[in-house]
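Here is the structure we will look at, set down as structure tokens.
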Amino acid sequence: MVLTNCNQALKASLNNGDHSFLQPSYDQPKELHHRFRVATRASLSRTDEASLSAVISRLERERQGLIEETEGAGVIRGGGEQWMTAEDFRRRDKKAEEERRLRDTWRKIQGEDDWAGLMDPMDPVLRTELIRYGEMAQACYDAFDFDPSSRYCGSSRFSRHDFFDSLGMNDSGYEVARYLYATSNINLPNFFSKSRWSKVWSKNANWMGYVAVSDDEATRNRLGRRDIAIAWRGTVTQLEWIADLKDYLKPVSGNNIRCPDPAVKVESGFLDLYTDKDTTCKFSKFSAREQILAEVKRLVERYGDDSEELSITVTGHSLGGALAILSAYDVAEMRLNRTRSGKVIPVTVLTYGGPRVGNVRFKERLKELGVKVMRVVNVHDVVPKSPGLFLNESAPHALMKIAEGLPWCYCHVGEELALDHQNSPFLKSSVDPSNAHNLEAMLHLLDGYHGKGERFVLSSGRDPALVNKASDFLKEHFMVPPFWRQDANKGMVRNSEGRWIQAERLRSEDHHSPDIHHHLSQLRLLPSS
């Protein structure tokens, strides 16, 4: 509207021979005057009507959506009436260039060469992807209902069809294909959330995450392949669940997971959480393992042909990182990362603040299966140091060989990207262990990380205020309130009668799909019907 009015004023002034509009005034933006000067100087020397029409036509085309940068003004015209700064324009170009590079090099970004040469200095495309998958793990927290005053405590606050849009992640490029649930009847009581009310959505299940698949636009124009993403929920701030770990290893095959070597062992609590189920509960009548395998099988059958590339990426924070590693191992061990023609689909795990999962033999088996693992950690976080505080990968190799049969001898897997929150000028030098474990803080650290010994400089414009979403970690002078993220009215809405109620939340499609039994029967995990 402003530009249209200025066009009219320009036309009238030129017709009257008045060029005073070229001088800045207080009621019109300086950058707009600059645009007029640039657009008209060449034309003013020619007084014919064609030149006047050309000037006006040019400005009108820009008003309708053409993009042009003004010399020296640092202001850029976007589609419609939207204005962007030069920095916005450069950021958009940077994003487009990174997407082009990702399409060309996605296998390396997914760990084809174990990220050799990409972490120091930090590759900008890898940084962007680590933040993106970290945000998919963070979405599990943002969607989870932790409130014991809610009858939906322990569930997702949103339907899977509206999941990303409800979280403001409209441009994620993914669609949620299945929700994941686990039975809360296991020995990790501080990990699960339960309502204090008698009438609740489920007494024996908790929502654990989701399986999503990239849409056609993201597959074609951004990712360079169809991506099946699995995101696991962990914990937000409470670290008491570490004390609940049984802290001893047991064979993977002991919970009926296919494994050719009984020496492959993982922490028993993780294994129970992954494989246990409650047949009396409609949400956890299938184990988390069965839900994952059935859905991956279905999606690989749907998309795994030779017309497009396919990848499987598993992500999670905290205990969710342990489940991410365990489920990726299971997918590869079950050979579900194979297309109909036998082509191998790369499986990549990206974890944040995750604990140790298994023993040395588990690490070796993951490598044999070709599963790539990147672990992002804060060096001050206690969770990656657990379990296996004394016998772990840092012990002498000879000692580990002697002790590898012991039930508390653990070993980290994959590659580690170590970050330090004390390098960020935005964060407190916190001694609070929950701050060092905070996922939003890790994503902030990723945004500013450029390599070992390099200065901390934010790269993507990601808002540091997100750090305080569920913590008190930002320095006081930034004036961002701690724990600022709140649910509007604690989920209460007004019904047609004007009464405040907790709206119905769970839909039938958020349960298990009808074909899950079919896929599990084909995998010989259930008897055929």
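The values are calculated or read from the model by the stated rules, or taken from the named source; none is laboratory data. The structure displayed is predicted, hence computed values, not measured ones. Glycine also receives a Cβ, built like all others from the backbone with ideal geometry; neighbour counts cover every protein chain displayed. Quick note on the areas: whole protein, heavy atoms, side chains included, nothing else; ligands and nucleic acids left out. Shrake-Rupley method; radii C 1.70, N 1.55, O 1.52, S 1.80 Å.
Structure data summary
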{"quantity": "Count - residues of segment 323-347 that are touching a residue at least 12 places away in the same chain (Cβ under 8 Å), of a type in the set (Gly, Ala, Ser) and open to solvent by 10 Å² or more (accessible area, probe 1.4 Å)", "calculated": "1"}
{"quantity": "Options Phe283, Phe270: the member that is open to solvent by less than 10 Å² (accessible area, probe 1.4 Å), outside any loop (DSSP other than H, G, I, E, B) and modelled with pLDDT under 95", "calculated": "Phe270"}
{"quantity": "Test set (1) modelled with pLDDT of 95 or more; (2) open to solvent by less than 20 Å² (accessible area, probe 1.4 Å); (3) on the phi < 0 side of the Ramachandran plot - Glu112 fails condition number", "calculated": "(2)"}
{"quantity": "Considering residues of segment 412-463 that are free of Cβ contacts under 8 Å to residues at least 24 places away in the same chain and within 22 Å of the chain's Cα centre (by Cα) only, the residue most open to solvent (accessible area, probe 1.4 Å)", "calculated": "Asp463"}
{"quantity": "Segment 292-311, residues that are of a type in the set (S, T, N, Q) and more than 21 Å from Tyr133 (Cα to Cα)", "calculated": "Ser307"}
{"quantity": "Val314 being in a helix (DSSP H, G or I), of a type in the set (Val, Ile, Thr) and within 30 Å of Thr128 (Cβ to Cβ)", "calculated": "no"}
{"quantity": "Options Ala137, Ala229: the member that is part of a helix (DSSP H, G or I), open to solvent by less than 10 Å² (accessible area, probe 1.4 Å) and at pLDDT 95 or above", "calculated": "Ala137"}
{"quantity": "Single unsatisfied condition, Tyr352 versus (1) at pLDDT 95 or above; (2) in contact with a Pro (Cβ under 6 Å, 6 or more places away or on another chain); (3) among the aromatic types (Phe, Trp, Tyr)", "calculated": "(2)"}
{"quantity": "Every pair of residues 6+ apart whose Cβ atoms lie under 6 Å, when the first sits in segment 185-202 and is surrounded by 13 or more Cβ atoms within 10 Å (Cβ to Cβ) while the second is modelled with pLDDT under 85", "calculated": "Leu188/Trp241; Leu188/Asp244; Asn190/Glu240; Asn190/Trp241; Asn190/Asp244; Phe191/Trp241; Phe192/Ser184; Trp201/Leu506"}
{"quantity": "Residue within segment 163-180 that is aliphatic (A, V, I, L, M), without any contact (Cβ under 8 Å) to a residue 60 or more places away in the chain and out of contact with any strand residue (DSSP E or B) (no Cβ under 9 Å at 6 or more places or on another chain) present", "calculated": "yes"}
{"quantity": "Lone qualifier among Lys401, Lys385, Lys490 - being farther than 30 Å from Asn359 by Cβ, modelled with pLDDT under 95 and basic (Lys, Arg)", "calculated": "Lys490"}
{"quantity": "Complete set of residues in segment 294-312 that are crowded, with 24+ Cβ neighbours inside 10 Å and of a type outside the set (A, V, I, L, M)", "calculated": "Glu295"}
{"quantity": "Yes/no for Ala263 being outside any strand (DSSP E or B) and either in contact with a Phe, Trp or Tyr (Cβ under 9 Å, 6 or more places away or on another chain) or surrounded by fewer than 24 Cβ atoms within 10 Å (Cβ to Cβ) (or both)", "calculated": "yes"}
{"quantity": "Near pairs, Cβ below 6 angstrom, 6+ apart or cross-chain, from segment 382-405 (more than 15 Å from Arg361 (Cα to Cα) and of a type in the set (S, T, N, Q)) to any residue that is open to solvent by 10 Å² or more (accessible area, probe 1.4 Å) and not in a loop (DSSP other than H, G, I, E, B)", "calculated": "Ser386/Ile242"}
